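Notes for the one structure printed next.
Each reported figure results from applying straightforward, stated rules to the coordinates on display, with no laboratory input. Since we're looking at a predicted model, the values are computed, not measured. When we count neighbours, we look across all protein chains shown, and the Cβ atoms used for this are built from the backbone with ideal geometry, even at glycine.
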Amino acid sequence: MAMFIGIAIILLCSLTQANVSDTAEPPSLWKKAEIFQQDMEERFLLDGQALCKLILPQQNHGLSYNMPDNAYMTGIYVATLSMKYAITKDNKDKEKLLQSIKSLHHLCRASGIEGLPARAVIPADSPWKDDGIWRPTPDGKYKWRGDVSSDQVDGVMFGFSWAYQSVHDETVRREIAKDVTAIVEHILRNDLRIVDADGKPTTWGKYFPQYTMIEPLNALLWLQALKIAHQVSGDNKYAELYKKYAIEMKYAERAIQARRNLDPTRKGFVNHSDDVLFFLGIEPLLRLEQDPQIRELYVKSLKHAWEGSPPFPGLKPEANPLYSFLSAKYLGDTSEVENAILTLVWFPFTIKWNKDTLAKYEQQHGTPLIWDVQSPEPEKGKPIPIDRRENTWSAWVQDPYLSAGNPMKDSPVEYNGHDYLLGYWLGRYYGFIDKDK
């Protein structure tokens, strides 16, 4: 890894390399964040609700935002805006944050069933669709996507926790507490399951003890929900429930194995989507937990995920900003911070957008948004640097070992830059990225 860092620094700093000397270099990190933020606001928000992907017009079909994970995405976006606002203290950033908090409330309440969030909410006359079940909202103005999962709740809780921490308006905080506690109460009423409008448990909404023995990640996610319920409500009921599940029911101990350490070079062995869920779940727990006994178990969980289990590596080699910054802050291991920053430096706009979109933003901002590969050629069996991967809706969900491709190839789908924005503002908030970089 030291060799990897050394090669990367040489590539960044030297202008004698053939592949960078006569071509554009990446813009500053803050400039990238500015451009990704502009695009998010212009094309990927529905009244503050974050939409995951944009299917471009094809023949007689118009634009379509065909993705049912809006609650998850909006929660991440709310958290990212919260980090940004905490740093900038800019009223414009606050207004954008409040709009997306409002949209997150809409997602939590659209079903008309107390505590049952929707995966997505769209206007009733919208042609957007997928293969899921859409039901009308009680007022008939919208339709909502059911079968909400623990993934969606994880993202929603993450967003509300950060929003509560960043916005000190008591009216806003009361509304956050209302939705967070309603979700937790819904799960408690239904024997630690999420139950849909048809009265049946959703496919992936399970937190009961037997299930967490098979899927320890959900033990962590249930503790996240209870901890945040106490954070935002101050109600000791949730503090007691949290302690009961953490200690008596051994959920915190179970959560040490929340991240499965398997061979990442074998297709399908490591679920990198679960890795992001792990981050969203454990970050609030590490941020909020003060009990030394329980906190030690979360530190062990992060260390297990970060370092892996021989012979398989954990998250450490991936140069992923989320885990690198989290481990630097809570494990004191700063060895991968520089590589994480390089990932953001190399993060290409082409992994998200087609040439027409790139040309539009190049003209608006007066800076090139396409550049040659900056990273060194990866070793066999090692993670592929971000600028050598295929197009993706989430660089952090994407498999970094098996996603080699050409991100400059135009695609019928374009994606937002929520992943870059989360990595960048997390690094800024934790103090690992300088504002002038």
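When you restrict to C-alpha pairs under 8 Å that are six or more residues apart and normalise by the size of the chain, the relative contact order lands at 18 percent. Modelled this way, with points 7 Å down the Cα-to-C-beta line, the labels at ALA24 and ALA124 are 4.6 nm from one another.
Protection proxy ranking of 376-385, 296-305, by the mean of other Cβ atoms within 10 Å over each peptide's residues and highest first, is 296-305, 376-385. Ranked by how many other Cβ atoms sit within 10 Å of their own Cβ, fewest first, the residues TYR238, TYR361, TYR420 fall in the order TYR361, TYR238, TYR420. Within the straight-line cut-off of under 14 Å between alpha carbons, the aspartates and glutamates reachable from LYS382 are ASP263, GLU318, ASP399, sequence neighbours fewer than 8 places apart in one chain being disregarded. To the nearest Å, what is the center-to-center distance of the range 104-126 and the range 174-192, using C-alpha atoms only? Each part reduced to its Cα centre gives a spacing of 15 Å.
For the chain, hydrophobic long helices are taken as DSSP H runs at least 30 Å long by C-alpha position along their axis with mean Kyte-Doolittle hydropathy of 1.0 or more; none is present. Each peptide in 71-80, 347-356, 200-209, 164-173 receives the mean, over its residues, of other Cβ atoms within 10 Å, and ordering these scores from highest gives 71-80, 347-356, 200-209, 164-173.
In terms of other Cβ atoms within 10 Å, SER82, SER103, SER309 run from fewest to most in the order SER309, SER103, SER82.
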